[in-house]
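Participant: My structure is below; once you've seen it, I'll send some questions.
The values are calculated or read from the model by the stated rules, or taken from the named source; none is laboratory data. If you're wondering where the values come from, they're calculated on a predicted model, not measured in any experiment. Cβ placement follows ideal geometry from the backbone for every residue including glycine, while neighbour counts extend to all protein chains displayed.
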Amino acid sequence: METTENKPSVFGISPEELRAVETLYRAFSEGNPDLLDKAVTADWQDIPLAPHQQPGRDGMKPLIREFVAAFPDIRIQILEIIGAPGRAAVRAVITGTHTGEWFGIAPTGRSFRMPIHEFHHIDNGMLTHTWHLEDWFGWLFQVGAWPVQAEETTR
């Protein structure tokens, strides 16, 4: 996980809850899916599931491997965490370069910056639910996959 020179703003959550949230993002940025074992419950609900993603913690692990293969220089910068006991809202930015296939889109070599907003339920220091919203439409535009070129639509 990457942060600005100043740490992200964090309000309303315990150190144990903060550790779980940060560890989830480190699993992606460090390319280490096994970090999920320290951050989310086995039956963690990731809402909505990505295409072909299976439910639970083990269902996310292959997706992390695919994500890191597609974006090996991935960085997640947490900008702000706002919470209450058992709850955390995260505002962050993912940056990277599209150098591997992702969701059927061939590598473009283009860099991107994608905002994400996520809401987590936390119980006993482990995430139990995550609702997330990433700007994938903006990502498609940044890597040149949208708008679809006229010659591609006639195939």
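Participant: Do the conditions hold for R65, that is, is it surrounded by 14 or more Cβ atoms within 10 Å (Cβ to Cβ) and of a type in the set (K, R)?
Facilitator: Criteria not met by R65.
Participant: Right, another one. When the residues of the stretch 106-155 are narrowed to those that are in a helix (DSSP H, G or I) and either among the β-branched types (V, I, T) or under 24 Å from M60 (Cα atoms) (or both), which ends up modelled with the lowest pLDDT?
Facilitator: T153
Participant: Within the set of pairs 6 or more residues apart or between chains, which connect a residue that is in contact (Cβ under 8 Å) with a residue 12 or more places away in the chain and closer than 19 Å to K38 by Cα inside the stretch 48-76 to a residue that is hydroxyl-bearing (S, T, Y) and in a helix (DSSP H, G or I) with Cβ atoms less than 8 Å apart?
Facilitator: Partner pairs satisfying both residue conditions: I76/Y25; I76/S29.
Participant: Can you list residue pairs whose Cβ atoms sit under 6 Å apart, with the first residue in the stretch 111-127 being acidic (D, E) and the second being buried (at least 18 other Cβ atoms within 10 Å of the Cβ) and in a strand (DSSP E or B)? Count only pairs 6 or more apart in sequence or on different chains.
Facilitator: Here the result reads E118/V90; E118/T130, each pair linking the stretch 111-127 to a residue that is buried (at least 18 other Cβ atoms within 10 Å of the Cβ) and in a strand (DSSP E or B).
Participant: Let me ask another. Can you tell me which residues in the stretch 87-104 are of a type outside the set (S, T, N, Q) and over 15 Å from E134 (Cβ atoms)?
Facilitator: Passing the criteria: R87, A88, G100, E101, G104.
Participant: I would also like to ask the following. Select from the stretch 20-46 the residues that are without any contact (Cβ under 8 Å) to a residue 24 or more places away in the chain and part of a helix (DSSP H, G or I) and list them in ascending order.
Facilitator: Within the stretch 20-46, T23, L35, D37, K38 qualify.
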